[in-house]
Amino acid sequence: MNCHDFATPVKEKLLEKMADVLPKGLNSIQLYSDGSTAVEAGIRAARAISNRHEFISCFRDFHGKTMGAVSLAQMIRGDVFSYGPTRNAGFYMVPRPDPYRPVFKKSDGQIDTDAYIDFYKQFIQEGTVGNVAAFVLEPAQGWGGSIFPPEDFFPKLQQLCRENGILFFADEVLTGMGRTGEWLCMNHWDVVPDIVTLGKSFGNGFPVTAMVVKEKYADAIDRISASSSYGGNPMACAAALASIEVIEEEQVLENVREVGAHFMQRMKKMKEDHPIIGDVKGKGFLLGIELVKDKITKEPFDEAGKLVYQKAFAKGLAWIPAGHILRMSPPLIMDKKHADMGLDIIEESIAEVEKEFGYQ
Ligand SMILES: Cc1ncc(COP(=O)(O)O)c(C=O)c1O
């Protein structure tokens, strides 16, 4: 099992396969055994590539529970994560666009992407010491509640990063390898990040993760001495390789797109029919239903969120709570029949909760 960082035939095959499915030029890869370690490596690689040390990340994004990763994340549950100052020096946080709850909006109430970009521009100039190595983001917030930014956000953010010599680091531990119907979620916007982290779907449950940098930055992998004891062991490589092959052979990405669209269609109808559903969101199989006390005020309905989870769980649906946003990331092989079974349970549970709170 332990070949340290040596090349093995199965690792070679995996790396070749990854270079095939990832965007062109994104092919310098280091393997690890958990997402947090891959994120740490991405942080160190960003410093090595840029010769800078600061980082900007976003409120409510999640990147793991090691100290560097915690420094990129918000103070929610901060005590649980770090018992002390939550963030290392030089790590800054900014708001990111949530189309349902925009901080910056136009006069018609719609989200104003340019205002976010302008804010970041000013923040880079005035809120940092001018030494920002990378902007680190989840393509869509996972634990934050399946929140996707507006379509023009990432292309504009990448442009801003380029203008300021800042690397663009997409943490795709959750969103990568098929979750949203593309190999990388960033493919939806034709944005090729400088640094990417992969996990979860990458090994289809087996502990194997990756930190990937663009080919032109390959020497950073050596310069940060990127290896770990178990990262890229033969079993892990075999699991990741098999996952990618099965995704291709069984047309799993197509399934995620098709059944994901079906989910969304039903969720939109649910939004019309239910007074406590304020918003439905997602791409592919990263989905969210946002519960509110009132569709006009959009006040988050945390109590309802908790109850819906409990009721659905009691009816046989296993999932993980995320406050007032019912967050769904079903198995990538889920078919329409099982999607409908799951949504039936969720809708039934929502209706019961509405009744209990006197909505219907
Ligand atoms: C976006 C993102 N980054 C990093 C991590 C950390 O991965 P791990 O729990 O494997 O350390 C997670 C885990 O949920 C994640 O969702």
Scan the range 113-126 for residues that are open to solvent by less than 50 Å² (accessible area, probe 1.4 Å), over 22 Å from the mean Cα position of the chain (by Cα) and farther than 29 Å from residue 220 by Cβ and jot them down.
115
Looking at 260, 282, which one is open to solvent by 10 Å² or more (accessible area, probe 1.4 Å) and out of contact with any Pro (no Cβ under 8 Å at 6 or more places or on another chain)?
282
Checking residue 62 against (1) more than 11 Å from the ligand (Cβ to nearest atom); (2) under 19 Å from the mean Cα position of the chain (by Cα); (3) hydrophobic (A, V, I, L, M, F, W, C): exactly one of these is not met. Which one?
(1)
Among residues of the range 191-237 being buried (at least 24 other Cβ atoms within 10 Å of the Cβ) and of a type in the set (Ser, Thr, Tyr), the residue nearest to residue 136 (Cα to Cα) is 197
Can you list residue pairs whose Cβ atoms sit under 6 Å apart, with the first residue in the range 127-156 being more than 27 Å from residue 217 (Cα to Cα) and the second being part of a helix (DSSP H, G or I) and away from the ligand (no atom under 15 Å from the Cβ)? Count only pairs 6 or more apart in sequence or on different chains.
150/113
Residues of the range 176-195 classified as in contact with a Gly (Cβ under 7 Å, 6 or more places away or on another chain) and within 14 Å of the ligand (Cβ to nearest atom), total
5
Answer yes or no as to whether residue 198 is at pLDDT 95 or above, within 23 Å of residue 264 (Cβ to Cβ) and either within 16 Å of the ligand (Cβ to nearest atom) or not assigned by TED's automatic domain parsing to the domain that holds residue 65 (or both).
no
Search result, residues across the range 1-22 that are closer than 25 Å to residue 187 by Cβ and assigned to a loop (DSSP other than H, G, I, E, B)
22
What residue, of 168, 206, is farther than 19 Å from residue 93 by Cβ and within 16 Å of the ligand (Cβ to nearest atom)?
206
Hey, among 322, 304, which residue is in a helix (DSSP H, G or I) and open to solvent by less than 60 Å² (accessible area, probe 1.4 Å)?
304
So in the range 25-50, with the set limited to residues that are touching a strand residue (DSSP E or B) at 6+ places or on another chain (Cβ under 8 Å) and part of a loop (DSSP other than H, G, I, E, B), which one is nearest to the ligand (Cβ to nearest atom)?
34
Hits in the range 309-325 (condition: closer than 18 Å to residue 175 by Cβ and of a type outside the set (Phe, Trp, Tyr))
320, 322, 325
Could you tell me whether residue 146 is open to solvent by 50 Å² or more (accessible area, probe 1.4 Å) and either of a type in the set (Ser, Thr, Tyr) or within 13 Å of the ligand (Cβ to nearest atom) (or both)?
no
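Taking the condition of a type in the set (S, T, N, Q), modelled with pLDDT of 95 or more and over 23 Å from residue 173 (Cα atoms), does residue 37 pass?
Here the answer is no, as residue 37 does not meet what is asked.
The values are calculated or read from the model by the stated rules, or taken from the named source; none is laboratory data. Everything quoted here is computed from the prediction, not taken from an experiment. Every residue, glycine as well, gets a Cβ built from its backbone with ideal geometry; the counts of neighbours run over all protein chains shown. Remember, those area values only see protein heavy atoms, side chains included, never the ligands or the DNA or RNA. Shrake-Rupley method; radii C 1.70, N 1.55, O 1.52, S 1.80 Å.
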